[in-house]
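Let me begin by presenting the structure, written as structure tokens, before commenting on it.
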């Protein structure tokens, strides 16, 4: 497995950070196309919204640059992650620099920022999950640019209020325009709290894509 050389002889565990897809989830539909009994194999035809479930945004999603999902280098989709534990995050709250604690002063350029709000527990309540989500504040978005954050990962389906078009556009453009990869719809980030973590989000290589569902996971270093 690909991990930093410094971890080569340490005990590692993989944590899956991806929401399972199922019919009924926003933007997810599928039909049975072939069956083992009739055709000799099982296969489905999938219809997926490009920002369904756990997914990655490309700059062209908000006209923040020409880069499409297939042109995002894989080395920008993985890296050492700093996990901020925010279990008491309230609905419709705004997460600012003051909320990320000592990470605000110890974060190193090129690291990944993951916000563990526990919001994924609302994934089966679409109205709450999407319409009452906690969002990144403008100050935190600019801080990410200044500190050269490689990737921002969040549990809500968006980094910004989906019902405020101006704010939604502004926050995405600040991040994406600076080359910061955005991964939304993560889950189980609380499992990373207190551990060193190497985060990976692997999107499909869709030509000209504005975004794509991805499989996100992390290697964590166990203490024993």
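Here is how the numbers come out for the structure above:
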{"read-out": "Highest-first arrangement of 134-144, 99-109, 45-55, where packing means the average Cβ count within 10 Å", "value": "134-144, 45-55, 99-109"}
{"read-out": "The chain: radius of gyration and largest Cα-Cα distance (Dmax), Å", "value": "17.7, 61"}
{"read-out": "Selected from 82, 13, 130 as most flexible by GNM, with the chain as the system and alpha-carbon contacts under 10 Å", "value": "13"}
{"read-out": "Three-way shape label, segment 112-220, alpha-carbon gyration tensor, a/c 1.5", "value": "rounded"}
{"read-out": "Pair residue 75, residue 92: separation of 7 Å Cα→Cβ label points (nm)", "value": "4.4"}
{"read-out": "Taking 182, 95 and counting other C-beta atoms within 10 Å, the order from fewest to most", "value": "95, 182"}
{"read-out": "Approximate spin-label separation residue 41-residue 169, in nm, with each point projected 7 Å along Cα-to-Cβ", "value": "4.5"}
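Where a number appears in this text, it was derived from the coordinates with a stated rule and is not lab data. These numbers were taken from a predicted model, which means no experiment stands behind them. Reconstructed Cβ throughout: ideal geometry from the backbone, glycine too, with neighbour counts over all protein chains shown.
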